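Trainee: Provided herewith is a single structure, encoded as structure tokens, for subsequent inquiry.
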Amino acid sequence: MQCFFISRFVFNNSLCQTGSLRYFHYSRFVLQSTRNHQLVDKIKVLKQNLIKVLGKDGISDSETICRQHSRDEGVERNDHIVDLVVWPKSTEECSIIASICYEKKVPMIPFGTGTGLESGVCGVHGGVSVDMSKMNKIVDFNPEDFDVTVQPGVTRKGLNHFLKDHGLWFPVDPGADASLCGMTATSASGTNAVRYGTMRENVLNTEIVLADGRVFWTAGKNRRSKKSSAGFNLTNLFVGSEGSLGFITKTTLKIYGIPEMMASAVCAFPTVKAAVDMCVQVLQSNIPIARIELMDDVAMEMCNNHNKLNYEVAPTLFLEFHGTEESVKSQAKFAAEIADYNGGSQFHWAYETEERNRLWKARHDIYWTVLQSNPGCRAIVTDVCVPITCLPDLIAQTKSDIQKSGIIGPCLGHVGDGNFHSFLVFNPSEPEELKKAEQLASRLTKRALDLNGTCTGEHGIGIGKMAYLEKEIGPVGLEMMKSIKRTFDPHWLMNPGKIFSSE
Ligand SMILES: Cc1cc2c(cc1C)N(C[C@H](O)[C@H](O)[C@H](O)COP(=O)(O)OP(=O)(O)OC[C@H]1O[C@@H](n3cnc4c(N)ncnc43)[C@H](O)[C@@H]1O)c1[nH]c(=O)[nH]c(=O)c1N2
Ligand SMILES: CCCCCCC(=O)C(=O)O
Ligand SMILES: [Mn+2]
């Protein structure tokens, strides 16, 4: 296993180390000189063997490429760099890569598009990053059965571009243009989940390459029935497995008809509680709302400034209705009455595709908006999800906690699911700020767990949420998860150091 000797002499100019997170710069030279020699030797042999299979174009050990593949959009972890990157072009090549790594006992880390937020793609113990982007075909499409099977290089936007001409779409939308197998691996969701479900509800089958190179389908080869009672649900085991059980080399997904009409609206509220109360009442009234997204006043102000918009700076819901023209109109009328009852403003409507896209782009871009509004800063993104009735108090407590701390922390959420994010901004050269942000995130997550919720509604555990998993699922639950991992991956080679440690 790789080992690092971290001393102050290692750092070029900045060091900030508190709790579980570390941010620092160091030189590749020092990194390599302290790396376990056994692994370095193994990697040399491995490289030669892999070149024979993949050709020189299918493999790289360049420092830049290894670094690019060792980070996602979340916290940068400069001490967890992979040693090699490979690009399989087929399931067969992926299987050969796995068997070669298995023989040498070298860690393997699947890489989708790197949009994850929990450091899922970094090499905690070094190893080989397997970039799936060259496996980018739609391999099976059954429009009348409403299913499609794609390889890992197919992204959400790529699939929707293909489906559009057939009057179909795949609605799970994390905003980022993530790979569909990466979304399967993290159990992603996003803005449409309140109506169409998350990846868990939309994955019918997956093809898997195991750590030792064996290939199998979790629901049986090519099976695509909408339901099954045939034994354990192995498909769901791989949804949210974060690369720790095997490579997902195909995912079979449910797809949907594009609704005749889609209409979006924006509505401001006097308080977060009023906005969430409206959301609960909309769900209780069985309005089949497609999106109901909260942005707090802090997020709205940044959104306005960044996008040259002039929405009210107040807790705001972004809503969307799907259906026939008649149904959209009646859903919207009912929802507007509920908004009014809760002190909400008139709806500002967007009917045309372009206008709707602009509105949702402003919402989806909030991650970049916050970072660009605070140059040089980084952020801890929280992702708790609680029973919806607990949400108003939890958000109110969180906002008051953030205000007292002096940290900048916009909050927004997929409120229809009881899921919200706070974006706790800190300056990496101010250790006190990072400490405050970490303590805030920890208090918030503990509060959510005490309310029978989860530490992560959609981003996954990765490294960032490992500390909370045992409290969430209990010691026996954690041991069961580890036993399952041992069954699929007895030598702990698939993405080790994520979700839980090996002890
Ligand atoms: C601006 C912005 C906004 C959002 C988000 C990101 C960003 C940058 N996300 C997070 C992110 O888009 C989501 O986690 C995706 O599912 C990650 O997919 P990638 O293909 O990028 O996986 P990425 O390459 O980042 O990998 C993520 C994890 O999956 C594993 N993995 C990837 N491909 C695999 C494969 N083929 N087989 C096995 N394991 C594999 C990796 O090893 C890693 O552990 C999100 N998410 C969300 O759910 N809701 C949201 O609202 C948002 N919003
Ligand atoms: C407060 C910004 C957090 C954004 C995190 C990305 C995400 O999940 C989203 O919904 O947007
Ligand atoms: Mn989200």
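Trainee: Just to be sure I understand the filter: pairs with C-beta atoms under 9 Å, separated by 6 or more residues or on different chains, first member in the range 354-374 and assigned by TED's automatic domain parsing to the domain that holds D296, second member within 15 Å of ligand 3 (Cβ to nearest atom) and of a type in the set (F, W, Y). Which pairs pass?
Mentor: L359/F318; W360/F318; A362/F318; R363/F318; I366/F423; Y367/F423; V370/F423; L371/F423
Trainee: Note down all Cβ pairs under 7 Å where the first residue falls in the range 247-259 and is more than 27 Å from P496 (Cα to Cα), the second is in a loop (DSSP other than H, G, I, E, B) and open to solvent by 10 Å² or more (accessible area, probe 1.4 Å), and they're at least six residues apart or on different chains.
Mentor: Every condition considered, the pairs that remain are K254/F146; I255/F146; Y256/F146; G257/G167; I258/G167.
Trainee: While we're looking at this one, here's another question. Taking S241, is it assigned by TED's automatic domain parsing to the domain that holds S345 and hydroxyl-bearing (S, T, Y)?
Mentor: So S241 does not fit the description; no.
Trainee: Using beta carbons and a limit of 6 Å, which pairs, at least six apart or on different chains, have the first residue in the range 185-207 and closer than 21 Å to V121 by Cβ and the second one of a type outside the set (S, T, N, Q) and in a strand (DSSP E or B)?
Mentor: A185/I248; T206/I248; E207/W217; E207/K250
Trainee: Please count how many residues of the range 366-400 are away from ligand 3 (no atom under 16 Å from the Cβ), closer than 22 Å to G74 by Cβ and at pLDDT 95 or above.
Mentor: Number satisfying all stated conditions: 0.
Trainee: Moving to a separate point now. Considering G182, G190, G197, G220, which residue is within 12 Å of ligand 1 (Cβ to nearest atom), farther than 24 Å from M108 by Cα and outside the structural domain of F321 (by TED's automatic domain parsing)?
Mentor: Within the list G182, G190, G197, G220, the selection yields G190.
A quick yes/no check of all residues on (1) among the aromatic types (F, W, Y); (2) within 13 Å of ligand 2 (Cβ to nearest atom):
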{"site": "D401", "(1), (2)": "no, no"}
{"site": "G406", "(1), (2)": "no, no"}
{"site": "G409", "(1), (2)": "no, yes"}
{"site": "G413", "(1), (2)": "no, yes"}
{"site": "N419", "(1), (2)": "no, yes"}
{"site": "F423", "(1), (2)": "yes, yes"}
{"site": "L434", "(1), (2)": "no, no"}
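Trainee: I'd like to know if the range 212-234 contains one or more residues that are under 20 Å from G460 (Cα atoms) and away from ligand 2 (no atom under 16 Å from the Cβ).
Mentor: yes
Trainee: Can you report the number of residues in the range 194-241 which are of a type in the set (S, T, Y), within 15 Å of F146 (Cβ to Cβ) and open to solvent by 50 Å² or more (accessible area, probe 1.4 Å)?
Mentor: Residues flagged as of a type in the set (S, T, Y), within 15 Å of F146 (Cβ to Cβ) and open to solvent by 50 Å² or more (accessible area, probe 1.4 Å) within the range 194-241 amount to 1.
Trainee: Which of the numbered conditions does I408 fail, given that it passes all the others? Conditions: (1) more than 20 Å from the chain's Cα centre (by Cα); (2) of a type in the set (V, I, T); (3) open to solvent by less than 20 Å² (accessible area, probe 1.4 Å).
Mentor: Failing condition for I408: (3).
Trainee: So which of T191, T184 ends up being buried (at least 21 other Cβ atoms within 10 Å of the Cβ), within 16 Å of ligand 3 (Cβ to nearest atom) and under 30 Å from V282 (Cβ atoms)?
Mentor: T191
Trainee: Inside the range 262-288, can you point out the residues that are of a type in the set (A, V, I, L, M) and not in a strand (DSSP E or B)?
Mentor: V272, A274, A275, V276, M278, V280, V282, L283, I287
To keep it simple, each residue is scored yes or no on (1) touching an Asp or Glu at 6+ places or on another chain (Cβ under 8 Å); (2) within 16 Å of ligand 2 (Cβ to nearest atom); (3) of a type outside the set (F, W, Y).
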residue: E320; (1), (2), (3): no, yes, yes
residue: E325; (1), (2), (3): yes, no, yes
residue: Q331; (1), (2), (3): no, no, yes
residue: F334; (1), (2), (3): no, no, no
residue: Y351; (1), (2), (3): no, no, no
residue: W368; (1), (2), (3): no, yes, no
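Trainee: What strands (runs of 3 or more DSSP E) lie completely within the range 105-179 and have 3 or more residues being surrounded by fewer than 24 Cβ atoms within 10 Å (Cβ to Cβ)?
Mentor: It comes to 138-142.
Trainee: Just to verify a result, which residue in the range 303-318, among those that are in contact (Cβ under 8 Å) with a residue 60 or more places away in the chain and in a helix (DSSP H, G or I), is nearest to A268 (Cα to Cα)?
Mentor: Among residues in the range 303-318 that are in contact (Cβ under 8 Å) with a residue 60 or more places away in the chain and in a helix (DSSP H, G or I), the one nearest to A268 (Cα to Cα) is C303.
Trainee: Just the residues that are of a type in the set (S, T, Y) and either touching a Leu at 6+ places or on another chain (Cβ under 7 Å) or open to solvent by 60 Å² or more (accessible area, probe 1.4 Å) (or both), please, taken from the range 378-405.
Mentor: T382, T389, T398, S405
Trainee: Name, by its number, the condition in (1) within 15 Å of ligand 2 (Cβ to nearest atom); (2) within 14 Å of L294 (Cα to Cα); (3) in contact (Cβ under 8 Å) with a residue 40 or more places away in the chain that does not hold for A396.
Mentor: Only one criterion is unmet by A396, namely (1).
Trainee: Also, I was wondering about something else. Scan the range 242-261 residue by residue and report those that are assigned to a strand (DSSP E or B), open to solvent by less than 10 Å² (accessible area, probe 1.4 Å) and within 20 Å of T198 (Cβ to Cβ).
Mentor: T251, T252, L253
Trainee: Further question: Of these, L478, L444, L434, L449, which one is away from ligand 3 (no atom under 16 Å from the Cβ) and either part of a loop (DSSP other than H, G, I, E, B) or open to solvent by less than 10 Å² (accessible area, probe 1.4 Å) (or both)?
Mentor: The conditions single out L434.
Trainee: Scan (1) in contact with a strand residue (DSSP E or B) (Cβ under 8 Å, 6 or more places away or on another chain); (2) touching a residue at least 12 places away in the same chain (Cβ under 8 Å); (3) more than 16 Å from ligand 3 (Cβ to nearest atom); (4) not polar (S, T, N, Q) for the single condition F420 breaks and write down its number.
Mentor: For F420, the exception is condition (3).
Trainee: From the list V415, V425, exactly one residue is more than 26 Å from M183 (Cβ to Cβ), in contact with a Cys (Cβ under 8 Å, 6 or more places away or on another chain) and within 16 Å of ligand 1 (Cβ to nearest atom). Which is it?
Mentor: Just a single option satisfies the conditions, and that option is V425.
The values are calculated or read from the model by the stated rules, or taken from the named source; none is laboratory data. The structure presented is a predicted model; accordingly, all values stated were derived computationally and were not measured. Note: ideal-geometry Cβ built from the backbone for every residue, glycine included; neighbour counts use all protein chains shown. We work out accessible area using only protein heavy atoms, side chains counted, and drop any ligands, DNA or RNA first. Shrake-Rupley method; radii C 1.70, N 1.55, O 1.52, S 1.80 Å.
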